[in-house]
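**Q** Structure below; questions to follow.
No lab work stands behind these numbers, since they all come straight from the coordinates. Just so you know, these numbers come straight off a predicted model, no measurement behind them. Positions of Cβ are backbone-derived with ideal geometry, glycine not excepted, and every protein chain shown enters the neighbour counts.
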Amino acid sequence: MKMRLETSILPAGQAGAQAAARILAAGGLVAFPTETVYGLGADAANATAIAHLYAAKGRPAFNPLIAHVADLAAARRIGRFDARALKLAEAFWPGPLTLVVPKTDDCPVADLATAGLDTVAIRIPAHPVAEAILRAFGGAVVAPSANISGHVSPTLAAHVESDLAGRIDLIVDGGPVAVGVESTIVGCFEAPLLLRPGGLSRERIEAVLGAALARPPVEAGSDDSQPLAPGMLASHYAPRAAVRLDAREVAPGEALLAFGSARLPGLDAASVVMNLSPAGDLDEAAANLFGYLRALDAKRPRAIAVMTIPEDDLGEAINDRLRRAAVAR
Ligand code: TXA
Ligand code: MG
C-alpha cells in the first residue's frame with residue numbers, strides 16, 4: 001500500500017451504517033460484522049475500489065469475492081437462480097450460505113470481483129448491522145473476510161483492527177460474531193457441489209435438496225493455480241505457530257486447543273490451554289475457533305496441539321479450517 005489511511009472505528013448503529021454507506025459510495029473500504037465473520041466491504045460495481053480491496057488484504061486477484069445483498073430481489077439482479085438455487089435461497093437466506101450461480105446478462109458486479117468467471121458468488125447475511133449497511137448503501141457489496149490474506153478470519157472488530165488498521169477507511173464494531181466460521185459455499189451446477197464447508201451444515205442443505213452434496217473433483221492445492229473451489233488455497237487460516245492435529249498428548253511448551261473433556265497426558269506441561277467447548281458443542285466450538293487460534297498464537301507457543309473434533313455438523317467446517325491451518329508454509 002502506498003498510502004497509510006486513517007482508519008475510523010464506529011459503533012454499530014444508525015450513524016455507523018450511514019457513514020459506512022457514504023464511504024462505500026465514495027469507493028472506500030469498510031469492515032463490518034456479519035453472522036459468520038467480519039467482512040471487508042467495497043462497492044461491487046466499482047473496479048477501482050475492488051482493486052484497493054485486493055491490495056489492502058494482499059489477496060491474489062484471481063480469487064473471486066462474494067457479493068452481499070439485502071434481499072432476494074437484489075440477488076436475482078446479479079445471478080440467475082434455477083429452481084434448485086431458489087429453493088436453497090428461500091430455505092436459508094438470510095444466513096451463512098453462499099450460492100454460486102451464473103451471472104445475469106447485465107450483472108452489475110465488476111469482472112475484477114468475479115475473477116473473470118461467468119459465475120458469481122452471492123449471499124444475504126443474517127446480521128442486523130450488515131443488513132443496515134446494505135440497505136443504506138443500496139447496491140451489492142463484495143466482502144471477503146476482513147483479514148490479511150492467509151491469516152485467520154476475524155470474529156471481533158479488534159481482530160480486524162490488528163490486521164487492517166491503516167489500510168482501510170472504517171471499521172463498524174458490532175461485537176463478537178455468532179457463527180464464527182465463514183459461510184458454506186454451494187455451487188449450483190448440474191450437480192450441486194459443496195465448494196466450501198462452513199457455517200451451515202451439509203446435513204441441513206442435503207435435507208432441503210433431497211440429495212447428497214458432492215465435493216469438487218479436484219482439491220486445488222497451491223496458491224498460484226486458478227482454484228476451482230477458490231478459497232481452498234493451501235495456506236489459508238494459518239497462525240504463525242505450527243498446528244498439530246488429532247493430538248492425544250501434549251508436548252512440553254505446546255499450547256493445547258481442546259474440545260470436550262481435556263484430560264490428556266502431558267496437560268500440565270502445556271504452556272496454555274483453551275477449550276473450544278468443554279461440553280462438546282460444535283456450534284460453540286465454531287464460534288470460538290478463530291479467536292482462540294489467534295489468542296494461542298499470540299502466546300508464541302512451540303506449537304498448537306489440537307484435539308480431535310468430530311466431523312459432523314459444523315465439525316466439517318471446523319476441521320477444514322484446522323487442516324488448512326496445519327499446512328506448513
Ligand atoms: O462468511 C463469509 O462467506 C465471509 C463473510 C464476510 O460474508 N466472506 C468470505 O469471503 O469468507 P472470502 O473472500 O474469504 O471467501 C470467498 C470464497 C473464496 O473461497 C472464493 O474463492 C469463493 O468464495 N468464490 C467467490 N466467487 C466464486 C465463484 N464464482 N465460484 C467459486 N467460488 C467462488
Ligand atoms: Mg477469507
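**Q** Rounded if a/c is under 1.5, else prolate if a/b beats b/c, else oblate: with a ≥ b ≥ c from the C-alpha gyration tensor eigenvalues square-rooted, which is region 12-127?
**A** oblate
**Q** Order these by the 10 Å Cβ neighbour count, fewest first: K103, K87, K57.
**A** With the sparsest Cβ surroundings first, the list reads K87, K103, K57.
**Q** Taking square-rooted eigenvalues a ≥ b ≥ c of the alpha carbon gyration tensor, is region 83-172 rounded, prolate or oblate, where a/c under 1.5 means rounded and, failing that, a/b exceeding b/c means prolate?
**A** prolate
**Q** Still on this structure, I have one more. Size of the dipole of region 242-326 about the Cα centre, Lys and Arg at +1 and Asp and Glu at -1 on the beta carbon, nothing else charged, in debye to 20?
**A** Taking the Cα centre of region 242-326 as origin, the dipole is about 560 debye.
**Q** What's the tally of Lys pairs in the chain whose alpha-carbon atoms lie under 26 angstrom apart, where the two lysines are 8 or more places apart or on different chains?
**A** 4
**Q** Is it possible to state the helix-based mean residue ellipticity at 222 nm for the chain, with each DSSP H run of 4+ residues giving -39500 (n - 2.57), the sum divided by total residues, to the nearest 500 deg cm²/dmol? What is it? Don't jump to the answer; show the numbers that get you there.
**A** Working: 10 runs with 99 residues, N = 329.
Calculated at 222 nm, the ellipticity per residue is -9000 deg cm²/dmol.
**Q** With the chain treated as a Gaussian network of Cα nodes joined by springs under 10 Å, which of V306, V69, V37 yields the largest mean-square fluctuation?
**A** Fluctuation is largest for V306.
**Q** Mind jotting down the distance between the C-alpha centroids of region 78-150 and region 151-179, whole Å?
**A** One Cα centre to the other: 20 Å.
**Q** Shifting gears a bit: Fewest Cβ neighbours within 10 Å first, please rank L267, L195 accordingly.
**A** Listing L267, L195 from fewest to most nearby Cβ atoms yields L267, L195.
**Q** Select from F189, F259, F62 the residue whose mean-square fluctuation is largest in a Gaussian network model of the chain (Cα-Cα springs shorter than 10 Å).
**A** Of F189, F259, F62, the Gaussian network model singles out F189 as fluctuating most.
**Q** Using amide H atoms built 1.01 Å from N in the peptide plane, name the residues 5+ places from V142, or on other chains, whose amide H lies under 5 Å from its own.
**A** Those qualifying (amide H under 5 Å, at least 5 residues apart or on another chain) are A42, A44, H68.
**Q** Separate question: For A51 and E203, calculate 0.36 nm times their separation in residues minus their Cα-Cα distance, and state this gained length in nm to one decimal.
**A** Details: separation 152, 0.36 × 152 = 54.72 nm, distance 3.67 nm.
Answer, rounded to one decimal: 51.1 nm.
**Q** GNM on the chain, C-alpha springs below 10 Å: top fluctuator among A207, A317, A242?
**A** A207
**Q** While we're looking at this one, here's another question. Based on the Cβ-Cβ distance from A212 to R323, what FRET efficiency comes out when R0 is 22 Å, to the nearest 0.05?
**A** 0.55
**Q** Among E190, E35, E249, which comes first, then next, by fewest other beta-carbon atoms within 10 Å?
**A** Fewest to most other Cβ atoms nearby, the residues stand as E190, E249, E35.
**Q** Next question. Given H placed 1.01 Å from N in the peptide plane, which residues other than close sequence neighbours of A31 have an amide H under 5 Å from its amide H?
**A** It is G41, L170, I171, V172, by chain and number.
**Q** Which distance in nm do the two modelled labels at I148 and R300 give, with both placed 7 Å along the Cα-to-Cβ direction?
**A** Using points 7 Å along Cα→Cβ, the separation is 1.6 nm.
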